[in-house]
Amino acid sequence: MEESAKPGLRIREGDCVVLKRDEVFKAVLVLRRRKVIFEKQWFYLDNAIGHIYGTTFEVSSGGSLQPKEKMEETTTDTKEAGTDNRNIVDDGKSQKLTHDDIKALKDKGIKGQEIVQQLIENSTTFRGKTEFAQDKYIKKKKKKYEAVITIVKPSTRILSTMYYAREPGKINHLRYDTLAQMLTLGNIRAGNKMIVMETCAGLVLGAIMERMGGYGSIIQMYPGGGPVRAATSCFGFPEFFFNTLYEFPLSKVDSLVSGTFSSETLPSEPEYNVPVEEERNGSLDEKQTLTQETEEESSTEAVVESNETEEQETMDLAAEDTEYKETKEKGNKENIREKQRKQQERRRKLVETAALLEEKNADGLIVASRFHPTPLLLSLLEFVAPSRPFVVYCQYKEPLLECYTKLREKGGVINLKLSETWLRNYQVLPDRSHPKLTMSGGGGYLLSGITVTAEKVQSDASSLEGQKMEEPTSKKRKLQELHC
């Protein structure tokens, strides 16, 4: 099967894509004639439509994208290198090209790779540098003068890396390796029935949806008026992925557990507001027509000659007013019907979600929020079936320690583990592979465990205590002999 025939491999209008330049990412929507600004460069994505994901483009004059042709990285002139850098002095005089010369080259439309080549040729100290220093110099100049971007397809790793680098506060400083541990410990797979409570802009939800592949069901618990799914929309999931996605407010969890839940308690617009507004509009219209009639009578008594023209104008205005009022009333009625339809759909979906939760047979629970995890976990574990995993993420260790203690006291869980992942990036290059100088200080903490039936645990514990209380006769005899 050819790549062009495979669905999803080519960039289409309306797709959500990720722009990549070195280690910098940005998620954008592909639209024609829409200016995109990325890394101090502006361009249009019109020419990218139809190309394969992973294609590297070069920004040409006018902001159009052109696929970059593969060229040789090194030439015969750049192979000459020195033994060390002891005689190189950074006095700013080694480069013959000035800023005006470089600007003139850009204005002529010369590509960034040619500008870098001219910078190498006009540098008096380049050939005296070591081979490693030359590679560093070329990489630095390419980053500055070559306007090159790569368009890649969104994925969990790319989006988590992007959010952690650009806006870590929005995802509660959840690092991508910690997110991977959450998906593994939570046993996320297709066909599961998962409960998710997260305030990470929808990143955790999107990662779970991607791994489940549209099979199974996901119940998202949300605080406030509605769920936040900014990062989820960046994945570009097809429509059927959202058919098995349910949502339920946290404020209704207690009523659902106690059995007093009702969908009628949802906030809705009262139906009597509509006729009252219509009556007010009708009375205002009558007052306006009465004032117009009195004004017309007074005008006919005062000026007889201008009566015909004024009547014609008032008739035209009245016709326009009636048309405007009719269209406005139709629009208001349509808006009201649309709101009522959405409200009914929301209630129906909420009742379905409540029914799914009342079954109390969820296959797992994932919590990653800015709230204290203890009350959330204790209330949501009621809906998880026995022998199922749960994972709780928190940026800090202390709330999870308190949660760990509460779970040990309450029981109903086993294999409790509080862990922290440690990440170090390495530079892998010939003869100079080493850990990078900068690394992440922390990616958060995870509390994981497995649910069990609490009654059996209590009965087992009581039987163990009974066994401990009843000491064997041989042990009693030894104790008596020792006391004697």
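The values are calculated or read from the model by the stated rules, or taken from the named source; none is laboratory data. Here the structure is a predicted model, which means the values were calculated and not measured. Cβ atoms come from the backbone with ideal geometry, glycine included; neighbour counts cover every protein chain shown. All accessible areas refer to the heavy atoms of the entire protein, side chains included, with ligands and DNA or RNA removed. Shrake-Rupley method; radii C 1.70, N 1.55, O 1.52, S 1.80 Å.
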I'd like to know if region 175-183 contains one or more residues that are closer than 29 Å to V36 by Cα and modelled with pLDDT under 95.
yes
Matching residues in region 409-440 - criterion: being of a type in the set (V, I, T) and more than 28 Å from L377 (Cα to Cα):
V428, T438
Please tell me if L401 is over 14 Å from L174 (Cα atoms) and in contact (Cβ under 8 Å) with a residue 24 or more places away in the chain.
no
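Residue under question is L183, and the condition is that it be free of Cβ contacts under 8 Å to residues at least 40 places away in the same chain, in contact with a Ser or Thr (Cβ under 6 Å, 6 or more places away or on another chain) and open to solvent by less than 20 Å² (accessible area, probe 1.4 Å); does it hold? Even if it seems obvious, please write down each step before you answer.
Details: free of Cβ contacts under 8 Å to residues at least 40 places away in the same chain: yes; in contact with a Ser or Thr (Cβ under 6 Å, 6 or more places away or on another chain): no; open to solvent by less than 20 Å² (accessible area, probe 1.4 Å): yes.
Considered against the rule, which asks whether it is free of Cβ contacts under 8 Å to residues at least 40 places away in the same chain, in contact with a Ser or Thr (Cβ under 6 Å, 6 or more places away or on another chain) and open to solvent by less than 20 Å² (accessible area, probe 1.4 Å), L183 comes out as no.
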For region 331-372, name all the residues that are at pLDDT 90 or above and within 17 Å of G224 (Cα to Cα).
V367, A368, S369, R370, F371, H372
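Answer yes if at least one residue in region 385-408 is aliphatic (A, V, I, L, M), modelled with pLDDT of 90 or more and in contact with an Asp or Glu (Cβ under 8 Å, 6 or more places away or on another chain), and no otherwise.
The first filter runs over region 385-408 and keeps only residues aliphatic (A, V, I, L, M), leaving 385, 391-392, 400-401, 407.
This time we only want the ones that are modelled with pLDDT of 90 or more, so: 385, 391-392, 400-401, 407.
From what's left, in contact with an Asp or Glu (Cβ under 8 Å, 6 or more places away or on another chain): 385.
Scanning region 385-408 turns up at least one residue that is aliphatic (A, V, I, L, M), modelled with pLDDT of 90 or more and in contact with an Asp or Glu (Cβ under 8 Å, 6 or more places away or on another chain).
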Can you tell me which condition G63 does not meet? The list is (1) out of contact with any strand residue (DSSP E or B) (no Cβ under 6 Å at 6 or more places or on another chain); (2) in a loop (DSSP other than H, G, I, E, B), and all the others hold.
(1)
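Working only within region 436-448, note down all residues that are in contact with a helix residue (DSSP H, G or I) (Cβ under 8 Å, 6 or more places away or on another chain) and open to solvent by 40 Å² or more (accessible area, probe 1.4 Å).
Y445
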Scope region 404-428; condition over 33 Å from the mean Cα position of the chain (by Cα) and either open to solvent by 60 Å² or more (accessible area, probe 1.4 Å) or among the polar types (S, T, N, Q) (or both); matching residues
R408, E409, K410
The condition from (1) among the charged types (D, E, K, R); (2) outside the structural domain of G63 (by the TED database); (3) within 16 Å of K141 (Cα to Cα) that R86 misses is numbered (3)
Scope region 341-362; condition touching a residue at least 40 places away in the same chain (Cβ under 8 Å) and either assigned to a helix (DSSP H, G or I) or in contact with a Gly (Cβ under 8 Å, 6 or more places away or on another chain) (or both); matching residues:
Q343, R346, R347, K349, L350, V351, E352, T353, A354, L356, L357, E358
Can you work out which of the residues in region 377-403 that are open to solvent by less than 20 Å² (accessible area, probe 1.4 Å) and in a helix (DSSP H, G or I) is farthest from T421 (Cα to Cα)?
F383
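Quick check: is even one residue across region 440-451 of a type outside the set (G, A, S) and outside any strand (DSSP E or B)?
Within region 440-451, the first condition is being of a type outside the set (G, A, S), and the residues that meet it are 445-447, 450-451.
Those still in the list that are outside any strand (DSSP E or B) too: none.
No, region 440-451 contains no residue that is of a type outside the set (G, A, S) and outside any strand (DSSP E or B).
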Can you name the number of the only condition in (1) surrounded by 10 or more Cβ atoms within 10 Å (Cβ to Cβ); (2) of a type in the set (G, A, S); (3) over 27 Å from the mean Cα position of the chain (by Cα) that S433 fails?
(1)
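In region 157-166, how many residues are open to solvent by 50 Å² or more (accessible area, probe 1.4 Å) and either of a type in the set (K, R) or touching a residue at least 24 places away in the same chain (Cβ under 8 Å) (or both)?
Restricting attention to region 157-166, the residues satisfying the condition of being open to solvent by 50 Å² or more (accessible area, probe 1.4 Å) are 157, 164-166.
Narrowing further to those that are either of a type in the set (K, R) or touching a residue at least 24 places away in the same chain (Cβ under 8 Å) (or both): 157, 165-166.
Looking only at that region, the number is 3.
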Does region 84-94 contain at least one residue that is of a type in the set (S, T, N, Q), surrounded by 15 or more Cβ atoms within 10 Å (Cβ to Cβ) and at pLDDT 75 or above?
no
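Yes or no, residue by residue, for (1) under 30 Å from R12 (Cβ atoms); (2) open to solvent by 50 Å² or more (accessible area, probe 1.4 Å); (3) among the β-branched types (V, I, T):
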| site | (1), (2), (3) |
| --- | --- |
| I120 | no, no, yes |
| T124 | no, yes, yes |
| A133 | no, no, no |
| V148 | yes, no, yes |
| S155 | yes, no, no |
Filter pass, I188 being of a type in the set (A, V, I, L, M) and in a loop (DSSP other than H, G, I, E, B):
yes
